[in-house]
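Read through the structure below, which is laid out as structure tokens, and then see the notes.
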Amino acid sequence: MTSISRLLTAFGLALMLSFAGPAAQAQVNPTGSSVTEDALFEALGSGGMVSGRATIPDPEAGMLIKPENKDWAVLQGSTLQTLSIVAVLGMLALLAVFYLLRGRIRIEAGPSGRTILRFNWIERFAHWTLAATFIVLALTGLNLIIGRTIVMPLIGENAFGTLSAWGKIAHNFLAWPFMVALAMIVILWIVHNIPNRLDWEWLKLGGGLFKKGVHPPAKKFNAGQKIIFWSVVLGGAALSWTGVMLMFPGNLAGPAEWQFYQTIHALVAAGLSAIVIAHIYIGSVGMEGAFDAMGSGEVDENWAKEHHALWVEEVKPKALERGGPKVTTPAE
Amino acid sequence: MARMKFLCDADRCIECQACVTACKNEHEVPWGINRRRVVTINDGLPGERSVSMACMHCTDAPCAAVCPVNCFYTTDDGVVLHNKDTCIGCGYCSYACPFGAPQYPRTANFGTRGKMDKCTYCSGGPEPDMSQAEYVKYGANRLAEGKLPLCAEMCSTKSLLAGDGDIIAEIYRERVVTRGYGSGAWGWRTAYGETVTV
């Protein structure tokens with residue numbers, strides 16, 4: 001290309017631009033189609049958000065205004081807080097009433113002194129890992145919901161901040177052994193927890209919980225224990241899934257997903273905490289002989305006959321083959 | 001006492017990102033954290049507008065409502081600040097914020113959220129004004145020096161306004177009346193429950 005032709009091209013381009021310039025400006029009138037925030041929100045309707053492009057390499061930076069996020073603030077700041085308090089205190093109140101009316105459920109035939117192995121060491125290990133981690137997770141989680149109204153005024157902002165920071169670390173780390181233990185109890189106990197006709201009979205009789213001398217027959221786990229099992233397994237799975245999602249927020253699409261997982265996490269946690277409080281009650285002060293099942297693993301034969309008659313029939317012949325039931329008190 | 005607010009006149013913003021850069025520099029904000037950002041709406045289309053957005057220092061701030069450790073507080077100037085010593089980096093404030101203001105360094109366990117960082121309206125934190133401890137955690141405290149936030153102060157088109165809400169609203173109203181159009185005070189209705197009426 002010669003220098004003259006270049007010059008001509010440049011001249012031609014300049015000529016074109018001088019004509020096209022004003023025309024282009026006339027096409028894009030900055031005032032004519034001015035977007036207003038009010039009009040945008042009206043077009044988006046409820047739950048809408050204004051977003052655009054940002055140069056920051058963070059996909060969330062393009063979100064400009066999302067008024068709906070304030071709704072979650074109300075849900076979290078007051079509704080979930082109230083629900084959590086009601087769930088925990090409500091269950092404690094129910095159990096207190098139950099204790100006053102029914103008292104401690106005794107072994108009606110009295111302790112026999114002979115014991116049967118109910119849970120072996122691996123079952124107890126899984127249970128107590130699950131139990132210990134759940135208690136820490138529940139308390140540190142509850143602290144996030146109601147700590148600032150209950151604990152903070154007592155110990156001051158600095159101490160409460162430090163405590164909660166450690167609580168968060170504990171919550172994040174203990175979630176993993178919790179999940180392992182949850183998987184263990186599923187593997188160990190799921191065969192014993194499949195619902196059957198027997199459970200219906202048990203439930204119709206209220207499990208004998210409310211009346212002395214009523215002992216509906218049950219295998220290794222009765223319907224009440226199956227309810228606990230499935231609550232823990234399904235609730236624990238829901239908590240694990242939502243919890244892992246919350247632990248890696250960078251993998252989620254933004255506030256709407258975080259809010260969803262947090263709400264499910266808090267609701268399931270409140271419900272499961274209430275159920276587990278009832279479980280702790282009946283496994284300790286609520287029933288004589290029940291704690292031994294998870295304590296030493298050996299339960300009194302009379303306790304077993306009363307609460308798990310069919311299970312005793314299943315396991316006793318096997319135990320006899322292995323040398324008979326252990327006698328813990330000397331036969332004088 | 002003044003009630004400090006931000007107002008971005010989107011009809012003036014030229015998306016130069018100087019507010020973003022100035023903020024990062026003034027407070028030595030770490031990598032990956034942007035206390036202020038510019039969002040372009042209708043990018044490349046007729047009616048394109050850019051809005052510079054940071055913490056709006058809301059009235060009845062939703063972040064403060066959800067914080068499990070109550071680390072937020074509102075100053076006499078209406079600026080919403082937080083205490084990083086108390087913050088546990090749970091992320092709830094970022095779920096509740098309508099403006100995407102809270103930012104987190106990825107320093108905690110599993111590489112997740114560390115202590116929250118956000119726009120301080122150039123007024124530091126709970127430490128003594130203009131102290132080194134305050135600077136390290138929150139950046140410069142220009143309000144204590146009698147200056148307004150740097151992002152607004154150096155805005156070349158005076159699109160971003162900072163100062164007493166009534167005064168900047170009046171400036172914006174005059175502009176809209178004079179030039180005959182305006183896209184509105186972005187985020188005001190969400191942050192303050194009221195907008196600038198012309």
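The values are calculated or read from the model by the stated rules, or taken from the named source; none is laboratory data. Everything numeric in this text was worked out from a predicted model, so none of it was measured. Heads up, the Cβs are rebuilt from the backbone with ideal geometry, glycines too, and the neighbour counts pull from every protein chain shown.
Of the residues that make up segment A:226-241, is at least one surrounded by fewer than 18 Cβ atoms within 10 Å (Cβ to Cβ), more than 10 Å from every other protein chain (Cβ to nearest Cβ), out of contact with any His (no Cβ under 6 Å at 6 or more places or on another chain) and farther than 26 Å from A:F119 by Cβ?
Checked segment A:226-241: at least one residue is surrounded by fewer than 18 Cβ atoms within 10 Å (Cβ to Cβ), more than 10 Å from every other protein chain (Cβ to nearest Cβ), out of contact with any His (no Cβ under 6 Å at 6 or more places or on another chain) and farther than 26 Å from A:F119 by Cβ.
Of the conditions (1) in contact with a strand residue (DSSP E or B) (Cβ under 9 Å, 6 or more places away or on another chain); (2) of a type in the set (G, A, S); (3) without any contact (Cβ under 8 Å) to a residue 24 or more places away in the chain, A:S112 fails just one. Which one is it?
Every listed condition holds for A:S112 apart from (3).
One line per residue, one yes/no per condition, for (1) in contact (Cβ under 8 Å) with a residue 24 or more places away in the chain; (2) outside any helix (DSSP H, G or I); (3) within 21 Å of the chain's Cα centre (by Cα):
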| residue | (1), (2), (3) |
| --- | --- |
| A:I122 | yes, no, no |
| A:A132 | no, no, yes |
| A:L142 | yes, no, yes |
| A:I146 | yes, no, yes |
| A:L154 | no, no, no |
| A:F160 | no, no, no |
| A:H171 | yes, no, yes |
| A:L174 | yes, no, yes |
| A:L182 | yes, no, yes |
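In this structure, is A:A87 in a helix (DSSP H, G or I), at pLDDT 80 or above, within 35 Å of the chain's Cα centre (by Cα) and within 11 Å of chain B (Cβ to nearest Cβ)?
On the way: in a helix (DSSP H, G or I): yes; at pLDDT 80 or above: yes; within 35 Å of the chain's Cα centre (by Cα): yes; within 11 Å of chain B (Cβ to nearest Cβ): no.
In short, no.
Return a yes/no flag: does segment B:172-180 have any residue that is buried (at least 23 other Cβ atoms within 10 Å of the Cβ), within 11 Å of another protein chain (Cβ to nearest Cβ) and over 21 Å from B:H27 (Cα atoms). I'd like the intermediate steps shown before the answer.
Residues of segment B:172-180 that are buried (at least 23 other Cβ atoms within 10 Å of the Cβ), as a first pass: none.
Looking for residues that are buried (at least 23 other Cβ atoms within 10 Å of the Cβ), within 11 Å of another protein chain (Cβ to nearest Cβ) and over 21 Å from B:H27 (Cα atoms), one finds none in segment B:172-180, hence no.
Can you name the condition, by its number, that B:T120 falls short on among (1) among the hydroxyl-bearing types (S, T, Y); (2) modelled with pLDDT of 95 or more; (3) not in a loop (DSSP other than H, G, I, E, B)?
Tallying (1) among the hydroxyl-bearing types (S, T, Y); (2) modelled with pLDDT of 95 or more; (3) not in a loop (DSSP other than H, G, I, E, B), B:T120 fails exactly one: (3).
Is it the case that A:A73 is farther than 19 Å from B:C58 by Cβ and either outside any helix (DSSP H, G or I) or free of Cβ contacts under 8 Å to residues at least 40 places away in the same chain (or both)?
On the way: farther than 19 Å from B:C58 by Cβ: no; either outside any helix (DSSP H, G or I) or free of Cβ contacts under 8 Å to residues at least 40 places away in the same chain (or both): yes.
Here the answer is no, as A:A73 does not meet what is asked.
So, of the residues in segment A:34-68 that are modelled with pLDDT of 80 or more and of a type in the set (S, T, N, Q), which turns out to be farthest from B:A185 (Cα to Cα)?
A:T55
Restricting to segment B:183-198, and then to whatever is on the phi < 0 side of the Ramachandran plot and outside any helix (DSSP H, G or I), can you tell me which residue is farthest from the other protein chains (Cβ to nearest Cβ)? Full working, then the answer.
Within segment B:183-198, the subset on the phi < 0 side of the Ramachandran plot is B:183, B:185-186, B:188-192, B:194-198.
Next, only the ones that are outside any helix (DSSP H, G or I) stay: B:183, B:185-186, B:194-198.
Working: B:S183: 5, B:A185: 8, B:W186: 5, B:E194: 13, B:T195: 8, B:V196: 11, B:T197: 11, B:V198: 11 Å.
Taking the candidates together, the pick is B:E194.
Please state which of the following conditions B:Y95 fails to meet, knowing it meets all the rest: (1) in contact with a Pro (Cβ under 7 Å, 6 or more places away or on another chain); (2) aromatic (F, W, Y); (3) more than 8 Å from chain A (Cβ to nearest Cβ).
Every condition holds for B:Y95 apart from (3).
Being hydrophobic (A, V, I, L, M, F, W, C) and touching a residue at least 12 places away in the same chain (Cβ under 8 Å) is the filter here; which residues of segment A:283-307 pass it? Lay out the reasoning, then the answer.
From segment A:283-307, those hydrophobic (A, V, I, L, M, F, W, C) are A:285, A:287, A:290-291, A:293-294, A:299, A:303-304; that's our starting set.
Matches in segment A:283-307: A:V285, A:M287, A:A290, A:A293, A:M294, A:V299, A:W303, A:A304.
Scan segment A:64-98 for residues that are closer than 25 Å to A:E306 by Cβ and surrounded by fewer than 14 Cβ atoms within 10 Å (Cβ to Cβ) and jot them down.
Selection gives A:A96, A:V97.
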